[in-house]
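The values are calculated or read from the model by the stated rules, or taken from the named source; none is laboratory data. Everything numeric here is computed off the predicted structure, so don't read it as measured data. Ideal geometry is used to build each Cβ from the backbone, glycine not excepted, and the neighbour counts take in all protein chains shown.
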Amino acid sequence: MTPGSGSQDPAAPAVLDHLVYATPDLDRTVAEVAELTGVRPVPGGSHPGRGTRNHLLGLGDGAYFEIVGLDPEQPAPDGPRWFGIDALTGPRLVTWAVRVTGIADRVAAARARGYDPGTPFAMSRRAPDGGRLAWQLTPPGTGTGPAPFLLDWGGTPHPSGGGLPELPLVSLTASYPDPGAARAELAALGVRWPGEPLTAGPAGLTAVLAGRHGPVAFGRGAVAV
């Protein structure tokens with residue numbers, strides 16, 4: 001899988017869209033990220049009906065880093081918030097998304113290869129400037145390993161094109177008890193793991209970003225390295 005921000009046809013390779021760093025306390029985590037990296041994430045917007053809102057940083061190459069947490073200005077959603085936010089005791093890098101076009105065809109192809117990423121559905125949010133962003137995605141957390149969810153922006157401007165402050169992505173690593181099963185899910189989706197080779201171990205993701213004061217690792221929490 002390759003990074004990139006250009007347009008795609010349905011047969012083109014999927015590209016890294018964004019990483020998801022979930023937290024039970026968004027304001028506190030944003031302040032921590034700003035202190036560690038020297039760059040303050042900017043508000044993205046709220047997700048109506050989901051009970052969450054986000055802040056964003058650019059990663060370069062048309063990708064971004066999403067910090068998502070509880071939105072106290074929304075009523076509690078009917079079910080659990082995505083990304084396990086209700087059960088988190090601290091921030092955690094929970095998943096990643098790949099950008100595709102023709103998401104329904106991508107899902108059908110994955111199902112034909114033996115992996116069901118879930119049925120795509122529509123979402124939207126309001127940006128701080130009042131603009132509306134809309135997209136389709138598959139449900140996050142469908143896979144048993146570090147498989148991404150699929151995201152199709154359609155004709156909506158991509159969040160990375162809004163002049164986000166950037167922290168380049170240095171590396172992305174993952175471990176999983178059964179790397180072979182994880183690789184099979186990725187193959188069914190038609191994507192490659194965009195970082196170091198998958199290793200055996202407890203399930204988890206770690207991203208290292210190039211902060212102003214040096215590299216910072218984001219996995220279970222954030223730490224300067």
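Screening residue 186 with (1) surrounded by 20 or more Cβ atoms within 10 Å (Cβ to Cβ); (2) out of contact with any Lys or Arg (no Cβ under 8 Å at 6 or more places or on another chain); (3) over 26 Å from residue 42 (Cβ atoms) gives one miss only, at (2).
Of all residues in the stretch 37-49, those being free of Cβ contacts under 8 Å to residues at least 60 places away in the same chain and either within 16 Å of the chain's Cα centre (by Cα) or assigned to a strand (DSSP E or B) (or both) number 0.
Summed over the stretch 102-132, residues that are more than 25 Å from residue 183 (Cα to Cα) and among the small types (Gly, Ala, Ser) total 5.
When you scan the stretch 98-139, how many residues do you find that are hydrophobic (A, V, I, L, M, F, W, C) and farther than 20 Å from residue 55 by Cα? Number satisfying all stated conditions: 10. Looking only at the stretch 55-74, residues that are without any contact (Cβ under 8 Å) to a residue 40 or more places away in the chain and under 20 Å from residue 150 (Cβ atoms) come to 0 in all. Among the residues here, residue 215 qualifies as of a type outside the set (Asp, Glu), assigned to a strand (DSSP E or B), at negative phi and over 17 Å from the mean Cα position of the chain (by Cα). Keeping to the stretch 59-102, report how many residues are over 22 Å from residue 32 (Cβ atoms) and either in contact with a helix residue (DSSP H, G or I) (Cβ under 8 Å, 6 or more places away or on another chain) or surrounded by 22 or more Cβ atoms within 10 Å (Cβ to Cβ) (or both). Qualifying residue count for the region: 6.
Filtered by the rule that a residue be assigned to a strand (DSSP E or B) and aliphatic (A, V, I, L, M), the stretch 9-18 gives 15, 16.
Evaluated against (1) of a type outside the set (A, V, I, L, M, F, W, C); (2) more than 21 Å from residue 130 (Cβ to Cβ); (3) surrounded by 20 or more Cβ atoms within 10 Å (Cβ to Cβ); (4) modelled with pLDDT under 95, residue 37 falls short on exactly one condition, (4).
Among the residues making up the stretch 127-156, those that are touching a Leu at 6+ places or on another chain (Cβ under 8 Å), of a type outside the set (Gly, Ala, Ser) and modelled with pLDDT under 90 are 146, 156.
Scanning the stretch 19-36 for residues that are outside any loop (DSSP other than H, G, I, E, B) and closer than 24 Å to residue 148 by Cα yields 19, 20, 21, 22, 23, 26, 29, 30, 33. Return the pairs, sorted by first residue and then second, in which the second residue is of a type in the set (Asp, Glu) and assigned to a loop (DSSP other than H, G, I, E, B), the first residue lies in the stretch 93-107 and is more than 24 Å from residue 22 (Cα to Cα), the beta carbons are less than 9 Å apart, and the residues are 6+ apart or on different chains. Going by the 9 Å Cβ cut-off, the qualifying pairs are 101/9; 102/9; 107/116.
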